[in-house]
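For reference, the structure discussed in these notes is given below.
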Amino acid sequence: MSELASTVPGAAPADTPAEPLVAPTVSRAYQCQCGRPVFLRNSRCLACATPLGFVTEQFGVLPLAPVEGSERFTVFGDPQGPQYLRCANFLSASGCNWMVPAEAVEGEAPDPAAHGLLPGMCLACSTTRTIPDLSVPENPQRWNLLEQAKRRLISQLLALGLPVTTRVSDPVHGLAFDFLSEMPGLPVLTGHAGGTITLNVAEADDAVREQVRAQMGEPYRTLLGHFRHEIGHYYWDLLVAPREDWLTAFRELFGDEREDYAQALQQHYQEGPKPDWASSYISSYAAAHPWEDWAETWAHYLHMADTADTALSFGVNALKVEIADDDLFHSADLWQPDDPDAGHFLDFLNGWVRLTHVLNEFARSMGQHDTYPFALPHAVVRKLQFVHQLVTQRREP
Ligand SMILES: [Zn+2]
Ligand SMILES: [Zn+2]
Ligand SMILES: [Zn+2]
């Protein structure tokens, strides 16, 4: 178990099941210096007006103290600590609340590139290469939604200890997000290639996205889901492809990615999903090709980890949810039941099953779609353990 791992605080009553909800990363519950809870997108406490900002090294939104006579801030209660400036996009439509190390922007020889940053920009904003045309009336709001979802994605990647490399640090393979609009005769395809993630700006439009979701028969379609899927392709290139042992295990679980990709996708769109996909894949699209199976499974791992972190951070553990033993997973369902971390992963998984029972019923109470409209077949559980091991092994020192 990683030292970042958290478990439910306090003992469970004796009549509740043994396994707690175990979340793999860090707290998602942030607090102002006044004690009030604050959230990922906040830049000022609504109760006491203390400025707030996301500090990447500390993986969270922190209360800040202005440094007199400057635009700088320190973390509240640490006046001798590092100084920060607000991201240049704080006042733009992006509304970024992330902080930039002051020495990357000001001083004798500011060198943002040494920090992997664009001038004045935070880490999250430094991964954006193309923003929407802001002279189009709808685009400022769309850009805001895109960046908000991307900041949530990147904050989680950092918490998981995954490398977030910008194009400033690595001009060839660093991350570059292009938010593009369709032009007559020029469709924009959402996708990933060599660190570049392209997203159609129209996906930020609820009406457009919902129409596509319904047309494609998808149970779920969000900006965050797109980002988590596409970044999966990026990490496959980075973490799986170059390592023989992981690549061999990948092929055993997901299939051989050398099968013709273009042809596989064409077949998926022309003939529809494989009829028995639900027994081995998390979604019908995952059945199209091993790479898509990987990206879908990876995205689900990030969904599960972030939602479990959030639930746990706010004291929600769903331990009392009654559930049939058949609906829970056991070590025989795992890919590597003897791995030292297998028990931890199993607890995380079963905690997740309990939690989604509650979340889905909550959503139905409000007449909304299920929060997590998916079932996890045993084959997917094995693939999820592969993702879990890849991510947690990266996190260990
Ligand atoms: Zn406050
Ligand atoms: Zn920013
Ligand atoms: Zn994909």
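The values are calculated or read from the model by the stated rules, or taken from the named source; none is laboratory data. The model shown is predicted, which means the values in this text are computed figures rather than measured ones. So basically every Cβ, Gly included, is an ideal-geometry build from the backbone, and we count neighbours across all protein chains shown. With ligands, DNA and RNA removed, areas are computed over all heavy atoms of the protein, side chains included. Shrake-Rupley method; radii C 1.70, N 1.55, O 1.52, S 1.80 Å.
For the range 234-374, the alpha-carbon coordinates run over 47, 40, 28 Å along the three principal axes, in decreasing order. Once C-alpha pairs closer than 8 Å and six or more residues apart are averaged by separation and normalised to the residue number of the range 12-152, the relative contact order reads 14 percent.
Rule-of-thumb check for the range 211-302: C-alpha Rg over 2.2 N^0.38 Å?
For the range 211-302, the normalised Cα radius of gyration is 1.08.
Our coupling estimate for the range 277-290, obtained by passing each phi through the Karplus curve with A = 6.51, B = -1.76, C = 1.60 and θ = phi - 60°, is 4, 5, 7, 10, 10, 7, 8, 5, 5, 4, 6, 5, 6, x Hz, Gly and Pro reported as x.
Derived scalar couplings between HN and Hα for the range 349-356 equal 5, 6, x, 5, 4, 4, 4, 5 Hz in order, rounded to whole Hz, by the Karplus curve 6.51 cos²θ - 1.76 cosθ + 1.60 (θ = phi - 60°), x for Gly and Pro. Under 5 Å between amide hydrogens, built in the peptide plane, is the criterion, and for Thr25 it picks out Ser6 among residues at least 5 positions away or on other chains.
Put simply, the amide H of Arg72, placed in the peptide plane, has neighbours under 5 Å in Val67, leaving out anything fewer than 5 places away on its chain.
Based on protein heavy atoms only, the range 44-158 ends up with 46 Å² per residue of surface accessible to a 1.4 Å probe.
For the chain, the equivalent ellipsoid derived from the alpha-carbon gyration tensor has semi-axes of 34, 28, 21 Å in decreasing order. The equivalent ellipsoid that matches the C-alpha gyration tensor of the range 295-397 spans semi-axes of 23, 15, 14 angstrom, in descending order. Only protein heavy atoms count here; under a 1.4 Å probe, Ser280 has an accessible surface of about 40 Å².
Among DSSP beta bridges lying fully in the chain, give the percent that are antiparallel, nearest 5. Before the final figure, lay out each step's value.
Working: 20 of 29 bridges.
About 70 percent, rounded to the nearest 5.
Remark on the chain: Cys125 stand apart, with no other cysteine beta carbon under 4.7 Å.
Residues in the range 192-281 average 52 Å² of solvent-accessible surface per residue, probe 1.4 Å, ligands and nucleic acids excluded. Computed with a 1.4 Å probe over protein heavy atoms only, the accessible area of Cys34 comes to about 60 Å².
Close amide H partners of Leu160, meaning residues 5 or more places away or on another chain with modelled amide H under 5 Å apart, do not exist here.
Taking θ as phi - 60° and the Karplus parameters 6.51, -1.76 and 1.60, the scalar couplings of the range 96-102 work out to 6, 10, 8, 9, 10, x, 4 Hz in sequence order, x denoting glycine and proline. Ile197 sits with roughly 0 Å² accessible to a 1.4 Å probe, with DNA, RNA and ligands left out of the calculation.
Looking at the calculated P(r) for the range 13-139, what percent of the C-alpha pair distances fall above 20 Å? Kindly include the intermediate steps, with their values, before the conclusion.
On the way: 4206 of 8001 pairs.
More than 20 Å apart: 53 percent of the Cα pairs in the range 13-139.
The spacing between the range 98-153 and the range 319-384, judged by their C-alpha centroids, is 36 Å. Split the accessible area of the chain by element, probe 1.4 Å, and carbon with sulfur accounts for 54%.
Among Ser365, Ser126, the sequence by solvent-accessible area, most first, with a 1.4 Å probe is Ser365, Ser126.
Quick check: from the Cα gyration tensor, does the range 278-320 come out rounded (a/c under 1.5), prolate or oblate? Let's see the in-between values first.
Numbers: a/c = 5.59, a/b = 2.48, b/c = 2.25.
Because a/c hits 1.5 or more and a/b exceeds b/c, the range 278-320 counts as prolate.
Probing with 1.4 Å while keeping every protein chain in the model, the per residue accessible area of the range 285-375 equals 42 Å².
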